[in-house]
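The structure under discussion is supplied below as structure tokens; questions concerning it will follow.
Values quoted throughout were computed directly from the atomic coordinates according to the rules given, and no laboratory measurement underlies them. Note that the structure is predicted; figures quoted are calculated from it, not measured. Here the Cβ positions follow ideal geometry from the backbone for every residue, glycine too, while neighbour counts run over all protein chains shown.
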Amino acid sequence: MSVKSASRVLDIIDYLSSAEEDVTLIELSKALDIPKSSMSQLLSTMVNENYLAKSQGNIYKLGHKLITAGNKARTSNDIYSASISILKDTVASTNETVFLAIRSSEEIIYLAKVDSENSTRTTAQPGMRKPLHCTGLGKTFLSFERKDIRTDLIQSITLKAYTPSTITKRKILKQAIVEYQNQGYAIDDEENDIGIYCVAAPIFRDQGEMVAAISCAGPKPRMLEKRQTIIEEITEAAKEISKTQGFSGGDELWK
């Protein structure tokens, strides 16, 4: 049986973790259906213990204790530890930024970002969550997860537009997924960040189930100039990381 106050604290953390902007006490109270007086007491305690930070205007964001805990959880993840050297090698061979992510429900969570010397600013950072339908990493999960999981996700996710290029129709998304499955990798063509093109590939564990995804992203014109090389480097990196997870299947999954 859950403790009500503890559940509310976790709900606050979850909400702030996924919020795109910092929020006020009143916004939290309404969003989580917690009375303003109770919410005020919870937030005050969390601020005092440095789990939240409060700025002028009663604006709340995650505090340094949660940032420290999140970084510890991220770097202690087995897939992170096994992948980081391969990610760095891939950055060296592509001269573009490389990402590693896992799936959490209907979102991806970035575990790692390794910048290149030519790194272009994107909205993706370690610990951040992003939707499945508009990121190369997310669409990789929609394409290569177990069939029953994929079917449920494709039917349940909200297809919100983030740029004019975001896929917002389920029929078109399904068609794209078939293409990704046939070629062994997924593409994000300015669907989450305008001007950014991304190639992503799946990472499998010993039983052949998808456990993570790797991607390479950069300015669209530069990425298209070396598109084939990047596809080869990212799929090869995905194979190498998969081996560290015990996967012994063939290369046919990545074509």
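Rank the residues Ile13, Ile26 as a footprinting-exposure proxy: fewest other Cβ atoms within 10 Å of their Cβ go first.
Listing Ile13, Ile26 from fewest to most nearby Cβ atoms yields Ile26, Ile13.
Taking 8 Å as the Cα distance limit and 6 or more residues as the minimum spacing, I'd like the relative contact order of the chain as a percentage.
Reported relative contact order: 15 percent.
Moving to a separate point now. For Lys243, list the aspartates and glutamates whose Cα falls under 14 Å from its own Cα; do not include residues on the same chain fewer than 8 positions away.
Asp78, Asp206, Glu209, Asp251
Taking the Cα centre as origin and putting +1 on Lys and Arg beta-carbons and -1 on Asp and Glu beta-carbons, what dipole magnitude results for segment 103-253, to the nearest 20 debye?
With Lys and Arg at +1 and Asp and Glu at -1, about 500 debye.
Ignoring everything except DSSP H segments at least 4 long, calculate the 222 nm mean residue ellipticity for the chain; use -39,500 (n - 2.57) per segment, divide by total residues, nearest 500.
-15000 deg cm²/dmol
What's the exposure ranking of Val199, Val98, Val91, Val9, going from fewest to most Cβ atoms within 10 Å?
Sorted ascending by nearby Cβ count, the order is Val9, Val91, Val199, Val98.
When Ile167, Ile108 are ordered from fewest to most other Cβ atoms inside 10 Å of their Cβ, what list results?
Ile167, Ile108
Still on this structure, please answer the following. Using Cα centres only, tell me the gap between segment 74-151 and segment 190-255 in whole Å.
Using only Cα atoms, the two centres lie 9 Å from each other.
Here's something else I'd like to know. Using the structure shown, select from Lys174/Lys239; Lys4/Lys169; Lys171/Lys239; Lys30/Lys130; Lys88/Lys226 the pairs with a Cα to Cα distance greater than 28 angstrom.
Lys4/Lys169; Lys171/Lys239
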